[in-house]
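*Asks:* Could you have a look at this structure, given as structure tokens, before my questions?
The values are calculated or read from the model by the stated rules, or taken from the named source; none is laboratory data. None of these values were measured; they are calculated from a predicted model. Positions of Cβ are backbone-derived with ideal geometry, glycine not excepted, and every protein chain shown enters the neighbour counts.
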Amino acid sequence: MAKRECLLDSDGMTLPQLPCSYDNIDTYTTDLCHFLATPLVRQITGGIHANDALIYNAWEALPREWTEWLSAWPHHRLAQQDLIDSIGEEHESGTIYCEVQSQLARRRPESLTDWLATMKMLALPRTQRPSPTITLPEVLADRMQPKKLAEVSTAAAYIRDICQKKGITRIVDMGSGQGYLSITLAYLFPSLRCLSIDGSESQVAGSQAFATSLGIPDNRLRQVVQWIDGSSALASMIEDWAQGESCMLVGLHACGNLSEHMLRYFAAVPCIEALAVVGCCYNHIIPRSPANPAGFPISTALRKHNVTLSATALMTGCQAPNNWARVDSGCSLEQTSVFSKRRLYRAILEKLLHDRGFRPYAKDETKPVLGIRKQDTASFTSFARRAMRCLNIADDELSATELKSYEQRYADHEGQIAILWTFSVLCCKVVESLVALDRYWFLKEQEGEAIDIIPIFDVSISPRNLMIVSEKACSEK
Ligand SMILES: C[S@@+](CC[C@H](N)C(=O)[O-])C[C@H]1O[C@@H](n2cnc3c(N)ncnc32)[C@H](O)[C@@H]1O
């Protein structure tokens with residue numbers, strides 16, 4: 001196999017590592033956009049949401065040979081596992097089947113196998129790229145969960161190396177949260193000056209308390225509460241703070257469109273010489289619309305493809321089914337049914353509300369979180385009663401008999417709803433690849449250099465592991 005990291009684009013710039021079947025980023029972009037626009041993908045990523053599956057007969061809308069094969073499994077969780085394994089990274093182990101299940105797995109319809117293979121082929125590589133890490137001292141490490149510790153140890157080493165290479169002395173950490181990254185940088189590298197910015201007062205208060213406990217002086221770490229919205233006032237504030245020195249803009253799990261704002265600050269603020277941002281919470285991305293012309297996609301390249309992602313598709317980008325507890329590694333089929341029961345009950349509720357003409361949702365049909373607790377899933381009646389309270393529907397509007405009859409009518413649909421949900425979640429990697437590609441193209445259009453999409457963390461610990469990086473061309477100072 002060719003060494004992908006060494007591929008060049010038409011401008012002679014090194015390309016990010018593409019899926020192994022691609023050596024041309026234009027072809028890859030076209031194929032990925034095309035796949036996400038196919039009717040089947042659009043259907044399962046929001047055309048028919050799993051919550052509305054019973055209203056619109058989503059199961060019947062899937063290819064017949066797929067549903068027949070999926071229904072043949074002794075338990076839907078085994079079928080789900082087969083689907084999930086088929087999009088796993090190469091190093092991830094497959095399901096351990098008994099003989100009957102192995103036979104079923106082998107009889108998977110070719111059209112489904114091809115569809116899953118296409119999805120896998122179109123996903124950006126996620127296997128962690130070897131990179132240096134820093135062993136953090138106990139005073140830092142003890143404050144972090146293992147996941148955060150692993151992320152900060154790797155990100156801090158990457159940032160240190162870029163700063164050394166480019167003579168950068170200042171770090172701007174956007175969406176800094178509890179400040180783990182900027183505090184680590186300020187504590188370990190006294191020559192660096194850090195500015196951490198977060199919109200949450202409580203997060204910044206926690207971060208300030210942590211920095212104070214470590215005795216980090218104010219001149220090495222400034223912490224600001226500010227909502228980042230792309231304003232030019234923030235750009236000026238960064239310029240003033242930098243006092244003419246070069247900065248690197250960093251963000252660890254910068255939610256939704258915060259990552260997009262960061263890319264724009266990188267492009268617009270002259271003192272920012274390098275960027276490293278890991279995104280997350282794609283459901284907080286705001287799609288482009290007449291009311292929000294700066295929304296997703298942000299690159300001209302993807303806008304030309306008329307790319308759109310529904311709210312459900314963006315939500316699937318936050319999922320990591322390959323990290324779910326496996327049925328063959330101690331997670332019993334009964335345990336998993338708690339999740340599928342919740343989904344079944346939600347779908348029955350939507351069907352009932354639809355049939356009875358209730359329209360309890362906002363104008364844009366956004367479905368609220370219903371505040372369901374574990375005890376509410378004991379039966380559909382308790383689930384529905386709790387949901388009705390949340391939706392301001394009085395108990396006497398839907399009788400106990402009616403609730404019971406809907407529960408009985410759809411009791412055997414649990415597996416179908418669970419599998420429909422799994423289908424949408426399977427799209428997580430292609431959705432996330434598209435978001436990353438949009439960011440790559442935006443940076444390219446802004447004449448960023450050394451643009452890369454680095455799988456920087458261990459994906460089995462940190463599913464959101466793609467770091468988008470870029471530098472600016474060396475300026476003649
Ligand atoms: C997922 S947390 C990550 C925190 C931190 N970077 C870390 O890795 O531990 C995202 C943080 O970004 C902040 N945030 C999200 N959007 C923001 C925005 N537009 N402006 C300012 N802060 C934002 C949230 O308050 C939250 O603290």
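*Asks:* Among (1) over 22 Å from the mean Cα position of the chain (by Cα); (2) closer than 28 Å to VAL459 by Cα; (3) within 12 Å of the ligand (Cβ to nearest atom), there is one condition MET248 misses while meeting the rest; what is its number?
*Replies:* Failing condition for MET248: (3).
*Asks:* For segment 192-213, which positions are touching a strand residue (DSSP E or B) at 6+ places or on another chain (Cβ under 6 Å), of a type in the set (Ser, Thr, Tyr) and under 16 Å from MET144 (Cα atoms)?
*Replies:* If the condition is that a residue be touching a strand residue (DSSP E or B) at 6+ places or on another chain (Cβ under 6 Å), of a type in the set (Ser, Thr, Tyr) and under 16 Å from MET144 (Cα atoms), then SER207 is the only one that fits.
*Asks:* Quick one: is ASP412 under 30 Å from TRP73 (Cβ atoms), without any contact (Cβ under 8 Å) to a residue 24 or more places away in the chain and not in a loop (DSSP other than H, G, I, E, B)? It would help to see each step written out before you state the result.
*Replies:* Numbers: under 30 Å from TRP73 (Cβ atoms): yes; without any contact (Cβ under 8 Å) to a residue 24 or more places away in the chain: yes; not in a loop (DSSP other than H, G, I, E, B): yes.
The answer is yes for ASP412.
*Asks:* Within segment 112-127, can one find any residue that is modelled with pLDDT of 90 or more, more than 23 Å from THR45 (Cβ to Cβ) and either acidic (Asp, Glu) or part of a loop (DSSP other than H, G, I, E, B) (or both)? Quick ask: steps written out before the conclusion?
*Replies:* Let us first name the residues in segment 112-127 that are modelled with pLDDT of 90 or more, namely 112-127.
From the residues that got through so far, the ones that are more than 23 Å from THR45 (Cβ to Cβ) too are 127.
If we keep only those that are either acidic (Asp, Glu) or part of a loop (DSSP other than H, G, I, E, B) (or both) too, we end up with 127.
Yes; the residues of segment 112-127 include at least one that is modelled with pLDDT of 90 or more, more than 23 Å from THR45 (Cβ to Cβ) and either acidic (Asp, Glu) or part of a loop (DSSP other than H, G, I, E, B) (or both).
*Asks:* Does LEU221 satisfy the criteria of being modelled with pLDDT of 95 or more, touching a Phe, Trp or Tyr at 6+ places or on another chain (Cβ under 6 Å) and of a type in the set (A, V, I, L, M)?
*Replies:* Working: modelled with pLDDT of 95 or more: yes; touching a Phe, Trp or Tyr at 6+ places or on another chain (Cβ under 6 Å): no; of a type in the set (A, V, I, L, M): yes.
No; evaluated as a whole, the condition is false for this residue.
*Asks:* Going through segment 149-201 one residue at a time, which ones are near the ligand (Cβ under 9 Å from one of its atoms) and either among the acidic types (Asp, Glu) or assigned to a helix (DSSP H, G or I) (or both)? Before you say what the answer is, go through the steps one by one.
*Replies:* Going residue by residue through segment 149-201, those that are near the ligand (Cβ under 9 Å from one of its atoms) are 151-152, 155, 173-182, 196-200.
If the condition is that a residue be near the ligand (Cβ under 9 Å from one of its atoms) and either among the acidic types (Asp, Glu) or assigned to a helix (DSSP H, G or I) (or both), then GLU151, VAL152, ALA155, ASP173, TYR180, LEU181, SER182, ASP198 are the ones that fit.
*Asks:* Oh, and also: Is there a residue in segment 200-216 that is in the same structural domain as GLY244 (by the TED database), among the charged types (D, E, K, R) and in contact with a helix residue (DSSP H, G or I) (Cβ under 7 Å, 6 or more places away or on another chain)?
*Replies:* Our first condition is that a residue be in the same structural domain as GLY244 (by the TED database); within segment 200-216, this holds for 200-216.
Right, trim to among the charged types (D, E, K, R) and you get 201.
After this cut, where a residue has to be in contact with a helix residue (DSSP H, G or I) (Cβ under 7 Å, 6 or more places away or on another chain) as well, the list is none.
Within segment 200-216, not a single residue is in the same structural domain as GLY244 (by the TED database), among the charged types (D, E, K, R) and in contact with a helix residue (DSSP H, G or I) (Cβ under 7 Å, 6 or more places away or on another chain).
*Asks:* Moving on to the next point. If you go through segment 210-239, how many residues are assigned to a helix (DSSP H, G or I) and either touching a residue at least 40 places away in the same chain (Cβ under 8 Å) or within 15 Å of the ligand (Cβ to nearest atom) (or both)? If you could, list the steps in order and put the result at the bottom.
*Replies:* The initial filter retains those residues of segment 210-239 that are assigned to a helix (DSSP H, G or I), namely 210-213, 232-239.
Subsequent filtering for residues that are either touching a residue at least 40 places away in the same chain (Cβ under 8 Å) or within 15 Å of the ligand (Cβ to nearest atom) (or both) retains 210-211, 233-235, 237-238.
So the answer is 7.
*Asks:* In addition: Considering only segment 360-409, state which residues are among the aromatic types (Phe, Trp, Tyr) and modelled with pLDDT of 85 or more. It would help to see each step written out before you state the result.
*Replies:* If we filter segment 360-409 for residues that are among the aromatic types (Phe, Trp, Tyr), which is where we start, we get 361, 380, 383, 406.
Those that are among the aromatic types (Phe, Trp, Tyr) and modelled with pLDDT of 85 or more: PHE380, PHE383, TYR406.
Residue-wise test of (1) on the phi > 0 side of the Ramachandran plot; (2) without any contact (Cβ under 8 Å) to a residue 12 or more places away in the chain; (3) aliphatic (A, V, I, L, M); (4) not in a helix (DSSP H, G or I).
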position: TRP241; (1), (2), (3), (4): no, no, no, no
position: ALA301; (1), (2), (3), (4): no, no, yes, no
position: LEU309; (1), (2), (3), (4): no, no, yes, yes
position: ALA325; (1), (2), (3), (4): no, yes, yes, yes
position: PHE339; (1), (2), (3), (4): no, no, no, no
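*Asks:* Output the residues belonging to segment 343-362 that are among the aromatic types (Phe, Trp, Tyr), part of a loop (DSSP other than H, G, I, E, B) and within 29 Å of the chain's Cα centre (by Cα).
*Replies:* Let us first name the residues in segment 343-362 that are among the aromatic types (Phe, Trp, Tyr), namely 345, 358, 361.
Subsequent filtering for residues that are part of a loop (DSSP other than H, G, I, E, B) retains 358, 361.
Scanning segment 343-362 gives a single hit, TYR361.
*Asks:* Across segment 277-292, which residue is nearest to the ligand (Cβ to nearest atom) among those that are assigned to a strand (DSSP E or B) and surrounded by fewer than 24 Cβ atoms within 10 Å (Cβ to Cβ)? Lay out the reasoning, then the answer.
*Replies:* Step one: list which residues in segment 277-292 are assigned to a strand (DSSP E or B), which gives 277-280, 287, 289, 292.
With the extra rule that they be surrounded by fewer than 24 Cβ atoms within 10 Å (Cβ to Cβ), the set shrinks to 278, 280, 287, 289, 292.
On the way: VAL278: 8, CYS280: 6, PRO287: 16, SER289: 19, ASN292: 14 Å.
Top of the filtered list is CYS280.
*Asks:* If ASP458 satisfies every condition in (1) under 19 Å from the mean Cα position of the chain (by Cα); (2) outside any helix (DSSP H, G or I); (3) buried (at least 21 other Cβ atoms within 10 Å of the Cβ) but one, which is the exception?
*Replies:* All conditions pass for ASP458, except number (3).
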